[in-house]
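The values are calculated or read from the model by the stated rules, or taken from the named source; none is laboratory data. These figures come from a predicted structure and were not determined experimentally. Positions of Cβ are backbone-derived with ideal geometry, glycine not excepted, and every protein chain shown enters the neighbour counts.
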Amino acid sequence: MRISIVTPSYNQAEYLEETILSVLGQGYPDLEYIVIDGDSSDGTHAILDRFAGQLAYVQSRPDGGQTDALIQGFGRATGEILAWLNSDDLYEPHTLHEVARWFRDNPEDRFIYGDATWVDHRGRVIRRKREMGFNRFVWLRTYNYIPQPSAFWRRELFDEVGGLDPTYDLAMDSDLFARFSDRTNPRHVSRLWSRMRSHPDQKNIRLRAVSDEEDERIRRRHGVATGTRGSLERSLARIARIATRAMSGAYWR
């Protein structure tokens, strides 16, 4: 079962080599790893040159940003299973083998996500984030709690929904996952599959207003209520999320 991983990159040489090694170091026999770089100016080229022989495809030229880079990368992907790993995040060493085994053993599952560990800019553990199963009501009214680097899906589902929407710059993952959930039930797998890096230069931190506006677009498209009714629904969703995670032991595992 071929797994295609796309890494979009731009001026993150500080983290990129560790990200690449976390993918190549999986030892997964049918890996297709694609890196799309937006013509970085910080030493990224030298890193990509060193690993070029181990990558299925590498590109470094100006692009239209992260979503455009991902669209280009997935356009070249040939795997049955798809995912992306940003150039500052990491996979756990066992991730791809476990993902492939899950899809083989559960042919009805089309979109799965695991748990993640938050780390700082030096890779030091901040906290482990154990998640709950997918609840559409809660997910649309709280936030996108699916950890993107721990999410994997079948190519036929990706093609079925039309892939990534280029009009989203920051919430492209939330938009994609929402459209996935229109077609299939996302499955949570209670395993740590990635390390998500938290640092001040993250786009979702620097451009929070843009991210929030894109999230609202997704909610409006799915008919999430606004005003008094919307406030009540959001409160109920938050209570349901806290209760569900508490009952599953997510807060102390």
Can you name the condition, by its number, that Y251 falls short on among (1) surrounded by fewer than 13 Cβ atoms within 10 Å (Cβ to Cβ); (2) at pLDDT below 95; (3) part of a helix (DSSP H, G or I)?
(3)
So the strands (runs of 3 or more DSSP E) completely within region 1-78 holding 1 or more residues that are among the acidic types (D, E) and either out of contact with any Ser or Thr (no Cβ under 8 Å at 6 or more places or on another chain) or at pLDDT 95 or above (or both) are 31-37
Pairs only if they're at least six apart or on different chains, beta carbon under 6 angstrom, first in region 40-68 and more than 19 Å from Y15 (Cβ to Cβ), second surrounded by fewer than 13 Cβ atoms within 10 Å (Cβ to Cβ) and hydroxyl-bearing (S, T, Y); list them, first residue then second.
none
Number of the exception - S190 against (1) touching a residue at least 24 places away in the same chain (Cβ under 8 Å); (2) crowded, with 18+ Cβ neighbours inside 10 Å
(2)
Would you mind listing the strands (runs of 3 or more DSSP E) fully within region 106-167 where at least 3 residues are surrounded by 14 or more Cβ atoms within 10 Å (Cβ to Cβ) and modelled with pLDDT of 95 or more?
111-119, 151-154
